[in-house]
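Heads up: the structure comes next, in structure tokens.
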Amino acid sequence: MILMLMANLLEDNKILSAKIDALNKKINMSMTTKKDDDNERMDVTEAQKYIPGHPAVQTIYGWTSNGQIPYHKIGKRIYFIKSELDEWLSHGQHKSTSVLQQEAEEYVARYCK
């Protein structure tokens with residue numbers, strides 16, 4: 001009877017280990033997919049749909065001419081990398097009053113002793 005219980009426990013352990021391995025593989029695949037998504041290349045029309053407010057394509061071309069937006073040029077075509085656009089967009093965020101206050105206090109504490 002005890003041997004039978006131990007055999008059942010070992011079998012259950014093998015099944016659980018297999019399920020854990022399968023979950024780990026899925027997690028690793030999803031993390032790889034996320035990295036690939038960040039490096040996704042977009043043309044100007046896709047970038048226009050991705051950027052909040054959906055600026056006109058001509059506006060985006062103007063930003064590239066002025067060096068305001070990160071882009072890559074291959075031949076005559078302009079491409080954008082999703083992660084670079086995300087970073088560029090995040091730099092345009094306005095800081096809240098509380099964040100500005102905290103930064104000011106940190107600056108004063110560090111440099112005005």
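Every read-out reported here was derived from the displayed coordinates using simple, explicitly stated rules and does not represent laboratory data. None of these values were measured; they are calculated from a predicted model. Cβ sites come from the backbone with ideal geometry, for glycine too, and all protein chains shown count toward neighbours.
Side notes on the structure shown:
- In a simple Cβ point-charge model (Lys, Arg +1; Asp, Glu -1; nothing else charged), the chain has a dipole of about 260 debye relative to its Cα centre.
- Percent RCO, i.e. relative contact order, over the chain, from Cα pairs under 8 Å lying at least 6 residues apart: 22
- Oblate is the label for the chain, because the ratio a/c of its alpha-carbon gyration tensor axes (a ≥ b ≥ c) is 1.5 or higher and a/b is not greater than b/c.
- Extended-chain gain in nm, criterion 0.36 nm per residue less alpha-carbon gap, Asn24 and Thr59: 8.2 nm
- Glu46 versus Ala7: modelled label distance in nm, points set 7 Å from Cα along the beta carbon direction: 5.7
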